[in-house]
Amino acid sequence: MNELESKKLIRQQRAFFYKGRTLPVKTRIHMLKRLRCCILKYQEEIHSALKLDLGKSSFESYMCETGLVLDELRYMLGHIHKFSKEKTVPTPLSQFSSRSYVTPSPYGVVLIMSPWNYPFLLSLTPLIDAISAGNTVIVKPSAYAPNTSKIISKIICEVFPPFYAAVVTGGRKENTCLLNEHFDYIFFTGSQHVGKEVMAKAAQFLTPVTLELGGKSPCIVEKTANLKLAAKRIVFGKFLNCGQTCVAPDYIYCHRTIKDRLILEIKDQIRKQFSEEPLNNPDYGKIINQKHFHRIVSLIDPSKTVCGGEYDSDSLRIAPTLMDEVSFDDPIMQEEIFGPVLPILTYDSLDQAAARINSMAHPLALYIFTENKKAAEKITKHCSFGGGCINDVVIHLATSQMGFGGLGESGMGSYHGKAGFDTFTHYKSIVNKKTWMDLPVRYQPYRKSSEKLLKLFLR
């Protein structure tokens with residue numbers, strides 16, 4: 001899509017929006033139901049596309065992509081009437097003879113830029129939230145997942161007319177064309193580097209943004225933790241989607257006294273979950289492309305590898321890899337790994353661990369495994385992070401009952417469920433003043449008597 005085509009599409013969507021066609025709740029519900037039916041219709045094609053792009057099994061595709069999208073649809077369909085209602089709020093005495101209320105209002109034309117690692121989930125979930133709030137939407141999926149982008153385009157084209165919701169495919173050129181245009185809201189999921197570019201472009205039009213980024217998410221394993229269960233859950237969350245998950249544990253930060261036992265448990269879990277030969281496991285995914293494959297391989301230090309380390313450049317697979325004797329100065333700790341490599345670092349006290357985490361960029365997620373309630377409270381209350389879990393990993397993003405989002409360098413804003421509806425909604429504060437009475441206090445000329453009344457009302 002070139003610049004002229006982008007302008008035309010945005011102009012069509014804005015015209016449609018200002019006709020008020022997206023405002024009726026029944027229209028939004030109708031379109032969401034159509035979307036649900038279409039996803040169910042093409043479910044196998046969606047899973048096939050995800051297999052081609054990322055090597056995902058059908059089970060993983062449903063668990064982490066289509067199933068979560070369908071759950072978001074179910075939640076929104078059940079709550080959209082409630083979310084869309086205006087809310088009366090108390091009116092101060094100084095505004096006597098008025099009704100004050102807050103009414104939800106869509107922003108208008110929304111741009112959703114989605115990543116390649118969960119291409120269906122991270123394209124469709126914000127789309128659902130934006131449509132529920134009454135916006136028109138342009139979705140720009142990642143060019144790195146072309147097969148999934150194709151089925152996303154097919155679904156949205158079948159459900160929506162282009163002046164309501166549309167898909168723009170392509171790469172950097174198309175991204176630039178879109179970001180040079182004026183949108184009413186931009187929702188971006190991706191890297192910190194590109195997130196900064198998106199924010200800079202949005203600033204030219206003072207367009208509000210939500211940025212879902214990443215970072216080095218720590219997984220603290222405290223000395224009282226159930227190590228067998230911790231290892232089982234960490235291995236699941238870290239190596240899901242071959243480690244290409246924005247909220248995956250980026251590194252383990254464990255108490256020095258339990259490190260050796262934890263390593264043994266993690267090794268055992270890697271064997272149990274991925275077999276003795278993970279590279280031959282048909283349910284184990286692959287790295288998205290050669291560029292990212294070589295970047296991840298370059299981070300593996302063979303001298304510090306205690307499990308895994310094998311890779312196959314033809315299939316773009318890297319075995320689940322565990323690295324020991326890692327320090328914060330090592331290359332692998334200088335960037336988000338975003339792959340199936342898990343370094344282990346140690347601490348001597350929980351206060352030391354918390355201080356170290358807080359000295360770094362705010363992570364998107366934080367996890368702590370512990371049987372000590374006070375230890376869990378210390379970390380969750382005193383460390384800054386987007387969201388997380390106690391005694392588990394990644395599952396906090398899988399519920400529509402809670403907002404999901406980052407903090408500081410890991411992003412801004414949130415979505416899912418009510419938080420998603422709020423993200424794509426401007427709440428208008430309105431006072432409806434009655435005409436049968438008009439108190440003279442506020443008008444000039446000002447009098448002493450009026451001042452006394454004013455101080456009675458405003459204090």
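The values are calculated or read from the model by the stated rules, or taken from the named source; none is laboratory data. Model, not experiment: these values are computed from the prediction. Please note: Cβ atoms are built from the backbone with ideal geometry, for glycine as well, and neighbour counts cover all protein chains shown.
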Strands (runs of 3 or more DSSP E) wholly inside the range 300-415 containing at least 3 residues that are not hydrophobic (A, V, I, L, M, F, W, C): 341-347
Those residues of the range 299-311 which are surrounded by 14 or more Cβ atoms within 10 Å (Cβ to Cβ) and free of Cβ contacts under 8 Å to residues at least 40 places away in the same chain, in sequence order: ASP301, LYS304, THR305, GLY308, GLY309, GLU310, TYR311
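For the range 20-81, list the helices (runs of 4 or more DSSP H) that sit wholly inside it and hold at least 2 residues that are modelled with pLDDT under 95; which are they? Can you show your working first?
Numbers: elements: 25-41, 43-54, 58-61.
Hits in the range 20-81: none.
For (1) without any contact (Cβ under 8 Å) to a residue 60 or more places away in the chain; (2) farther than 21 Å from GLY214 by Cβ, each residue gets a yes or a no:
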{"position": "PHE96", "(1), (2)": "no, yes"}
{"position": "SER100", "(1), (2)": "no, yes"}
{"position": "MET113", "(1), (2)": "no, no"}
{"position": "PRO119", "(1), (2)": "no, no"}
{"position": "SER123", "(1), (2)": "yes, no"}
{"position": "ILE128", "(1), (2)": "no, yes"}
{"position": "LYS140", "(1), (2)": "yes, no"}
Extreme residue, surrounded by the most Cβ atoms within 10 Å (Cβ to Cβ), among residues of the range 362-406 that are within 22 Å of LEU122 (Cα to Cα) and polar (S, T, N, Q): SER400
Index of the failed condition, MET437 passing every other in (1) out of contact with any Phe, Trp or Tyr (no Cβ under 7 Å at 6 or more places or on another chain); (2) closer than 30 Å to LYS228 by Cα: (2)
Unmet criterion (only one of (1) in contact (Cβ under 8 Å) with a residue 40 or more places away in the chain; (2) under 25 Å from the mean Cα position of the chain (by Cα); (3) crowded, with 19+ Cβ neighbours inside 10 Å) for ARG34: (3)
Any chance ILE296 is within 20 Å of ILE234 (Cα to Cα) and at pLDDT 95 or above: yes
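Matching residues to (1) of a type in the set (A, V, I, L, M); (2) surrounded by fewer than 20 Cβ atoms within 10 Å (Cβ to Cβ); (3) touching a residue at least 40 places away in the same chain (Cβ under 8 Å):
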| site | (1), (2), (3) |
| --- | --- |
| ALA166 | yes, no, yes |
| GLU181 | no, yes, yes |
| VAL194 | yes, yes, no |
| ARG233 | no, no, yes |
| GLY243 | no, no, yes |
Filter result for the condition that a residue is among the hydrophobic types (A, V, I, L, M, F, W, C) and part of a loop (DSSP other than H, G, I, E, B), over PHE205, PHE187: PHE205
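Is it true that PRO141 is under 21 Å from the mean Cα position of the chain (by Cα), more than 16 Å from SER123 (Cα to Cα) and buried (at least 17 other Cβ atoms within 10 Å of the Cβ)? Reasoning before the result, please.
Values: under 21 Å from the mean Cα position of the chain (by Cα): yes; more than 16 Å from SER123 (Cα to Cα): no; buried (at least 17 other Cβ atoms within 10 Å of the Cβ): yes.
Taking the combined requirement at face value, the residue does not satisfy it.
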Per-region count, the range 335-375, residues under 24 Å from ASP260 (Cβ atoms), hydrophobic (A, V, I, L, M, F, W, C) and without any contact (Cβ under 8 Å) to a residue 60 or more places away in the chain: 1
Subset of the range 82-109 [part of a strand (DSSP E or B) and closer than 20 Å to LYS33 by Cβ]: PRO106
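So which residues in the range 240-266 are assigned to a helix (DSSP H, G or I) and either touching a strand residue (DSSP E or B) at 6+ places or on another chain (Cβ under 8 Å) or under 16 Å from GLU65 (Cβ atoms) (or both), if there are any at all? Before you say what the answer is, go through the steps one by one.
First pass over the range 240-266, keeping only residues assigned to a helix (DSSP H, G or I): 240-243, 256-266.
Scanning the range 240-266 gives LEU240, ASN241, CYS242, GLY243, ARG256, ILE258, LYS259, LEU262, ILE263, ILE266.
Residues checked against (1) within 21 Å of TYR144 (Cα to Cα); (2) touching a residue at least 12 places away in the same chain (Cβ under 8 Å); (3) assigned by TED's automatic domain parsing to the domain that holds PHE163:
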site	(1), (2), (3)
ARG11	no, no, yes
CYS38	no, yes, yes
GLU45	yes, yes, yes
LEU52	yes, yes, yes
The range 307-358 - residue that is touching a Cys at 6+ places or on another chain (Cβ under 8 Å) and hydroxyl-bearing (Ser, Thr, Tyr) and, of those, nearest to ALA376 (Cα to Cα): TYR347
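Name the residue, out of ILE131, ILE152, that is in the same structural domain as GLY78 (by TED's automatic domain parsing), assigned to a helix (DSSP H, G or I), touching a Lys or Arg at 6+ places or on another chain (Cβ under 7 Å) and crowded, with 20+ Cβ neighbours inside 10 Å.
Numbers: ILE152 fails: touching a Lys or Arg at 6+ places or on another chain (Cβ under 7 Å).
On inspection, the qualifying residue turns out to be ILE131.
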Of the criteria (1) among the basic types (Lys, Arg); (2) assigned to a helix (DSSP H, G or I); (3) surrounded by fewer than 17 Cβ atoms within 10 Å (Cβ to Cβ), which one LYS428 fails: (2)
Residue satisfying condition, being surrounded by fewer than 20 Cβ atoms within 10 Å (Cβ to Cβ) and touching a helix residue (DSSP H, G or I) at 6+ places or on another chain (Cβ under 8 Å), within set LYS223, LYS259: LYS223
